[in-house]
1. Against the definition (touching a residue at least 60 places away in the same chain (Cβ under 8 Å) and either more than 17 Å from the chain's Cα centre (by Cα) or crowded, with 16+ Cβ neighbours inside 10 Å (or both)), how does residue 101 come out, yes or no?
2. Within the range 27-47, identify whether any single residue is out of contact with any helix residue (DSSP H, G or I) (no Cβ under 7 Å at 6 or more places or on another chain), over 29 Å from residue 152 (Cβ atoms) and at pLDDT 70 or above, and answer yes or no.
3. Out of all the residues in the range 141-149, is one or more part of a loop (DSSP other than H, G, I, E, B) and in contact (Cβ under 8 Å) with a residue 12 or more places away in the chain?
4. For the range 79-98, which positions are loosely packed, with under 12 Cβ neighbours inside 10 Å and assigned to a loop (DSSP other than H, G, I, E, B)?
5. So residue 104 passes all but one of these: (1) modelled with pLDDT of 95 or more; (2) out of contact with any helix residue (DSSP H, G or I) (no Cβ under 7 Å at 6 or more places or on another chain). Which condition number does it fail?
6. Give the residues of the range 51-62 that are assigned to a loop (DSSP other than H, G, I, E, B) and buried (at least 16 other Cβ atoms within 10 Å of the Cβ), sorted by residue number.
7. Scan the range 104-115 residue by residue and report those that are surrounded by fewer than 12 Cβ atoms within 10 Å (Cβ to Cβ) and either without any contact (Cβ under 8 Å) to a residue 24 or more places away in the chain or not in a loop (DSSP other than H, G, I, E, B) (or both).
C-alpha cells in the first residue's frame with residue numbers, strides 16, 4: 001500500500017512540475033453536468049485560461065457536450081470534439097473530473113493530436129476535489145483562501161499540506177503543529193498521459209524557436225471559438241499617428 005501511495009505521489013508531483021505556470025497555459029477542464037462541478041469549473045475559468053466543457057452521459061443516449069463561451073453554453077458535437085474544431089487556441093493539458101463509480105468514456109478523452117497531457121480526478125466530493133485541483137493549478141495563498149471562504153471549508157481541509165501558505169498566514173499555535181498529509185485523496189488522481197518531453201538539439205544544429213502564442217488580454221476573447229477577429233478601421237489621422245508611433 002505504501003508503494004502504491006508513493007507511486008501516485010510521484011505521478012502527482014510530475015504533473016505539478018510540468019504545470020509550473022498554469023496562468024500562461026490553456027487547460028481543458030471537463031466536468032460532469034451537475035451544479036457543484038459546473039460551479040467549480042466556472043470558478044477556475046474566471047481565474048485561468050480555460051476551455052470549459054460540461055458533459056452528460058446517459059445510458060442508451062448520445063454523449064452531450066456543451067462549452068462555456070464566457071457568456072453562454074454552446075453545443076459541441078462529438079465529431080467536432082474529436083477533431084478539435086471547437087477552440088481557437090488549443091489546450092496545453094486536460095483535466096477531466098468524473099463522478100465516483102462512473103468512468104469517463106474513452107471517447108471523451110481528448111486526442112493526443114491536439115492535447116499533449118491529460119489527467120483525471122475520479123471524485124466530485126468537494127473537499128478532495130478542491131484539494132487535488134488546488135495542487136494541480138498550484139494555487140497561491142489568496143486562491144486557497146478564496147476557495148476556502150466561498151466553499152465553506154477550512155484551509156486545512158482543502159490544503160492539508162499547507163501549499164503556498166507562509167508562516168505569517170497562520171496563527172502562532174498553528175505553526176507548531178505538524179500539517180497532516182491527505183494521502184488518501186491521491187486515490188482519486190489518475191494520470192492518463194504525461195506531456196511529451198522532446199530531446200534538445202545539439203547547439204551546433206539548434207534552430208531558432210518561435211515565441212509561444214499567448215492568449216489575448218481582452219476578456220471578451222475566449223479560446224472556445226474559431227471566430228476571426230473583426231478588422232479595425234482607422235481614420236487617416238489615426239493611421240498617421242500609428243505610423244509615427246512605430
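1. Considered against the rule, which asks whether it is touching a residue at least 60 places away in the same chain (Cβ under 8 Å) and either more than 17 Å from the chain's Cα centre (by Cα) or crowded, with 16+ Cβ neighbours inside 10 Å (or both), residue 101 comes out as no.
2. Looking for residues that are out of contact with any helix residue (DSSP H, G or I) (no Cβ under 7 Å at 6 or more places or on another chain), over 29 Å from residue 152 (Cβ atoms) and at pLDDT 70 or above, one finds none in the range 27-47, hence no.
3. Checked against the condition, which is being part of a loop (DSSP other than H, G, I, E, B) and in contact (Cβ under 8 Å) with a residue 12 or more places away in the chain, the range 141-149 yields no hits at all.
4. The answer is none; no residue qualifies.
5. Exception for residue 104: condition (1).
6. At the first step, the residues of the range 51-62 found to be assigned to a loop (DSSP other than H, G, I, E, B) are 57-62.
The one that is assigned to a loop (DSSP other than H, G, I, E, B) and buried (at least 16 other Cβ atoms within 10 Å of the Cβ): 57.
7. 106, 107, listed by residue number.
The values are calculated or read from the model by the stated rules, or taken from the named source; none is laboratory data. Nothing here was measured: the structure is a model prediction, and the numbers come from that model. Note that we place each Cβ from the backbone using ideal geometry, even for glycine, and neighbour counts take in every protein chain shown.
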